[in-house]
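To keep things clear, I will list the structure first and then write my remarks on it.
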Amino acid sequence: MTRLSTAFGKGNPALVTFVTGGDGPTTAILDSLVEGGADVIELGMPFTDPMADGPAIQAANLRSLAAGTTTADILAIATAFRQRHPDVPIVLMGYANPMTRRGSDWFADRCKEAGVDGVICVDIPPEEDDSLGRALRGSGIDLIRLATPTTDAARLPQVLNGASGFLYYVSVAGITGKQQAAQASIEDAVARLKAATDLPVAVGFGIRTPDQAAAIARVADGVVVGSAIVELVGQHGEDAPRHVRDYIATLSSAVRAARKEPV
């Protein structure tokens, strides 16, 4: 059993939360996510061209880079998190350049040393798996792949080949932010994906409210929330941790309540 399989193997959906590393008091924010009830943490690696992200996360990337955040800093944040929270999964999420510029083996080794559980690389397609995936698997790091509304039956096997940890379903064909797909389309997509894989399916993009989180929790194995958290960090700066904790608590309560409802 890994930390990720344990988080998704409790018989209930997991609350997966995202923040950009180096944006605001990251250490305290990560602790507030755990205190609020997050089951899995995604730690964003800042990048100059976050093409899949909307305005909130783009701004967070710029704030982090302006503060001088480096890949070494992100790995140090992950290492310290693992020491404080030995049982909570942490996943690094970002783009290929920071992950591969020193070589994929170097990055995979550093992730293993830091206690990182998984990696989501937004811009390396399955066809280019050798550029990162093989090294991660060799170090025991889950490579978490993305599926989208345009991932058809012909392409899905490629996406799933070599994937582990969980499958992240991006419910909107576009950038991160406020847009959310219709619930019916999400339900259909989750059913299709779960018929093709034993991996847990977590749904993200556009989930902001407890009601939205609860609706997803009734059909998926995980609920991913990112932009709304990042916006709180941008709004409140050094005072963000308490706001993040309180917000996550509302989502966690909604997800846990939804878990008790019959399917």
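The values are calculated or read from the model by the stated rules, or taken from the named source; none is laboratory data. Note that the structure is predicted; figures quoted are calculated from it, not measured. All Cβ positions, glycine included, derive from the backbone under ideal geometry; neighbour counts span all protein chains shown. Just so you know, the surface numbers come from the protein's heavy atoms only, side chains and all, with ligands and any DNA or RNA stripped out. Shrake-Rupley method; radii C 1.70, N 1.55, O 1.52, S 1.80 Å.
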Quiz item: So, in nm, how far is label LYS10 from label ARG256 when the simple model puts each one 7 Å beyond its Cα toward the Cβ?
Solution: 0.8 nm
Quiz item: Once you charge only the Cβ atoms, +1 for Lys and Arg and -1 for Asp and Glu, what is the size of the charge dipole of the chain about its Cα centre, to the nearest 20 debye?
Solution: 400 debye
Practice problem: Scan (1) 0.92; (2) 1.07; (3) 1.43 for the value of Cα Rg over 2.2 N^0.38 Å calculated from this model and give just the label. | Solution: (1)
Quiz prompt | Heavy-atom accessible surface of the chain: percent carbon and sulfur, 1.4 Å | solution = 51 percent
Exercise. Count neighbours as other Cβ atoms within 10 Å of each site's Cβ, and list the chymotrypsin sites (Phe, Trp or Tyr not before Pro) in the range 33-131 that are DSSP loop with at most 16 such neighbours.
Key: none
Quiz item: Residues of the range 25-65: accessible area per residue at 1.4 Å, in Å²?
Solution: 33 Å²
Quiz item: Once the other residues with Cβ under 11 Å from the Cβ of ARG102 are scored (Lys, Arg +1; Asp, Glu -1), what is the net sum?
Solution: 0
Exercise. Among PHE18, SER5, ILE41, pick out the residue whose Cα is farthest towards the positive end of the charge dipole of the range 1-72, where Lys and Arg carry +1 and Asp and Glu carry -1 on C-beta, about the Cα centre.
Key: SER5
Quiz prompt | Inter-site label distance for LEU65 and ASP211 at 7 Å from Cα along Cβ, in nm | solution = 3.8 nm
